[in-house]
Amino acid sequence: MADLDELALVLPEATKEVSEDGRPTYLVHGKMFCFHREPRKDAVDPETGERLEDVLAFRVDGLDVKELLLSDSRGVYFTTPHWNGYAAVLVRIRDLVRLDREELRDLVEEAWLTRAQKRLAKPWLAERERAG
């Protein structure tokens, strides 16, 4: 979570809000690009039947990207019926360690790009390309 915090908040105009129960939401221009969702009946532990309390939602750039991530053989990314037709993937906080820092950075940056205004995203992308 410390890496997620660092990677998200380095992005231009990204902010973090924390709910009363400590769940972070990362925003740009007041639009969520990643958040720690509350336990819901659509995401349960297959062994215990308990609602998962450690689920992060990341916006992605379209359903094709979502399907690509969901096909990852490690099983890090998942979805639930609640998210059908919605361009986002879910990741359990405990599974963040299974992503290397570069992969997590890509996930966070892509989520940010789905919500950032063009006036902000365009120069950021240009600078990123120059930095190579």
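The values are calculated or read from the model by the stated rules, or taken from the named source; none is laboratory data. Predicted model, so just to flag it, every value in this text is computed and none were measured. Note that each Cβ is placed from the backbone with ideal geometry, even for glycine, and that neighbours are counted across all protein chains shown. The protein model used for the area step is the full one, side chains on, heavy atoms only, and it has no ligands, DNA or RNA in it. Shrake-Rupley method; radii C 1.70, N 1.55, O 1.52, S 1.80 Å.
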Contact order normalised by residue count of the chain, Cα under 8 Å, 6+ apart, percent: 25 percent
Packing-based order for 116-128, 48-60, using average beta carbon neighbours within 10 Å, highest first: 48-60, 116-128
For region 16-56, fraction of C-alpha pairs farther apart than 15 Å, in %: 46 percent
Karplus 3J(HN,Hα) series, Hz, for region 65-71 with 6.51 cos²θ - 1.76 cosθ + 1.60 (x for Gly, Pro): 5, 4, 4, 4, 5, 5, 7
From phi via Karplus (6.51, -1.76, 1.60), per-residue ³J(HN,Hα) for region 116-125 in Hz, x at Gly/Pro: 5, 5, 4, 4, 9, 5, 4, x, 5, 5
Three-way shape label, region 58-132, alpha-carbon gyration tensor, a/c 1.5: oblate
Accessible surface, per residue, of the chain when the full set of protein chains is kept, probe 1.4 Å, Å²: 60 Å²
Relative contact order of region 25-74, defined on C-alpha pairs under 8 angstrom at six or more residues apart (%): 28 percent
